[in-house]
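*Asks:* Next up is a structure, given as structure tokens.
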Amino acid sequence: MTNALNHLPRPRAGADQLAERFSDLAPPLTARQAALESARCLYCYDAPCVNACPSEIDIPSFIHRISDENLQGAAERILSANILGGSCARVCPTEILCQQACVRNNAQECAPVLIGQLQRYALDNAQFSAHPFKRSAATGKRIAVVGAGPAGLSCAHRLAMHGHDVVVFEACDKAGGLNEYGIARYKLVDDYAQREVDFLLGIGGIEVRHGQRLGGNLSLGELRDQYDAVFLGLGLNAVRQLGLPDEEAPGVVAATEYIRELRQADDLSQLPLADRCLVIGAGNTAIDMAVQMSRLGARDVNLVYRRGHADMGATGHEQDIAKANQVRLHTWARPDAVLLDDAGKVRGMRFARTELAEGRLRDTGETFELAADAIFKAIGQRFDDASLGDPVAAQLAREGERIRVDENLQTSLPGVYAGGDCTALGQDLTVQAVQHGKLAAEAIHAQLMLNVEAA
């Protein structure tokens, strides 16, 4: 990424000022605020908020414990359903999940119970002297987990609870997946992703091996031979392309690459800054990219999407964050050409106006240009086919580009399971990936124990 942007200047603000701009997006609740908010919960029977939670957290139960000042009990109730509940409380789109379903979210009250913030309050303030979950008696079984993102970590923890030994194979230097490398810096601050990983590994029985890439120095065939079961939490690691000439010109980069460097940077003042920047896309990554560029000090930040606001992948809440950070949202426009200056560097982009006609998107014939020093592509990520390059992995059934799994998260290969973004299930949310990992672990455990009984 740096080479594509090394011609750009650095932020005008100093490191301390930038660090302040990237402080916590949502300040944590105080004890008084948590007490008042928890008292608003009606503790519904068959609570709609629980039905709306992908990880099936017993929300009324943990809020009731907060109200009783039993933060330890509240935290344990959350973690028993979602071991990554701390990060999910910060990054989950609660406004379209549990809080949208809250019975207090109506025209008379206009505000749901702040479930996400209460979840964070419980987990941030519970004082555990030891890991809250104990390992069952050792089973003698070893399971390979490929990918130390939310799905893989969740699967590994639940398997370890059942007494299995788990080896997690991770390509990157750090565990955490998108929580470590792909979330806006102001959403997960103070190295929270790594602290959460350390807490999760505290159960024991989990070994993480870094620098291990499926399709590179690791093959699915070898893993099946050496382990009793395999879980694939591969994510989506390849970047979709615009399909335009000059897409590799200096100044055109993937948003995920920039966010990755921003999250790992010790000094934000050393990052390249596009004073005028374009972000192409409409999901959370596009919003995160645009907002962070604005906070770094960009003078002109434009986000462009080929359809309308209603079709944007980013929630209304995320769009409001963008607007509050002076990001301009342009809709009904698709990239038509990358514009270069005499030195071959990005100077802007030409867009074609679009419209819906008989349910299909088409060009109107009108074009316009926006000036830019850099263009960030955030049009989605795709499955990296190279990871399934060995003969055994190539046998996995697919739905489109993703791995097909059944209701137990098992792939078409016996003993091989998958979850998270690399499958065709769910909404590509962190909380959904955590649930996949948990359910796959339960399915793996049930199958292994069935095999033991049969033997």
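The values are calculated or read from the model by the stated rules, or taken from the named source; none is laboratory data. What you see is a predicted model, and the numbers here were worked out from it, not measured in a lab. With ideal geometry, Cβ positions are generated from the backbone for all residues, glycine too; neighbour counts draw on all protein chains shown. Ligands, DNA and RNA are excluded from the accessible area calculation, which covers all protein heavy atoms including side chains. Shrake-Rupley method; radii C 1.70, N 1.55, O 1.52, S 1.80 Å.
*Asks:* Write out, first by first residue and then by second, each pair whose Cβ atoms fall under 7 Å of each other, whose residues are 6+ apart or on separate chains, and whose first residue, in the range 301-317, is touching a residue at least 60 places away in the same chain (Cβ under 8 Å) while the second is among the charged types (D, E, K, R) and open to solvent by 20 Å² or more (accessible area, probe 1.4 Å).
*Replies:* Taking only residues 6 or more apart or on different chains, the pairs are Asn302/Arg328; Thr315/Glu95; His317/Glu95.
*Asks:* Next question. Suppose the filter is without any contact (Cβ under 8 Å) to a residue 40 or more places away in the chain, farther than 15 Å from Ala229 by Cα and not in a loop (DSSP other than H, G, I, E, B); does Ala433 pass it? Spell out how you get there, then give the answer.
*Replies:* On the way: without any contact (Cβ under 8 Å) to a residue 40 or more places away in the chain: no; farther than 15 Å from Ala229 by Cα: yes; not in a loop (DSSP other than H, G, I, E, B): yes.
No.
*Asks:* Select from the range 387-430 the residues that are farther than 15 Å from Gly149 by Cβ and in a helix (DSSP H, G or I) and list them in ascending order.
*Replies:* Leu388, Ala393, Ala394, Gln395
*Asks:* Select, from Ala137, Ala107, the only residue that is closer than 27 Å to Leu450 by Cα, open to solvent by 30 Å² or more (accessible area, probe 1.4 Å) and free of Cβ contacts under 8 Å to residues at least 60 places away in the same chain.
*Replies:* Details: Ala107 fails: closer than 27 Å to Leu450 by Cα.
Exactly one residue qualifies, and that residue is Ala137.
*Asks:* Closer than 19 Å to Leu223 by Cα, assigned by the TED database to the domain that holds Ser387 and either in contact with a strand residue (DSSP E or B) (Cβ under 6 Å, 6 or more places away or on another chain) or open to solvent by less than 10 Å² (accessible area, probe 1.4 Å) (or both) - does that describe any residue in the range 185-204?
*Replies:* Initial filter on the range 185-204 (closer than 19 Å to Leu223 by Cα): none.
The answer is no; no qualifying residue exists.
*Asks:* Can you tell me which residues in the range 269-294 are open to solvent by 10 Å² or more (accessible area, probe 1.4 Å) and part of a helix (DSSP H, G or I)?
*Replies:* Listed by number, the residues that qualify are Ser269, Gln270, Asn284, Thr285, Ser294.
*Asks:* For the structure I just gave you, tell me whether Ala446 is modelled with pLDDT of 90 or more, closer than 30 Å to His162 by Cα, open to solvent by less than 10 Å² (accessible area, probe 1.4 Å) and assigned to a helix (DSSP H, G or I). Full working, then the answer.
*Replies:* Numbers: modelled with pLDDT of 90 or more: yes; closer than 30 Å to His162 by Cα: yes; open to solvent by less than 10 Å² (accessible area, probe 1.4 Å): no; assigned to a helix (DSSP H, G or I): yes.
So Ala446 does not fit the description; no.
*Asks:* Okay, next question. Residue check, Cys110 against (1) at negative phi; (2) outside the structural domain of Gly419 (by the TED database); (3) not hydroxyl-bearing (Ser, Thr, Tyr), all met but one. Which one?
*Replies:* Every condition holds for Cys110 apart from (1).
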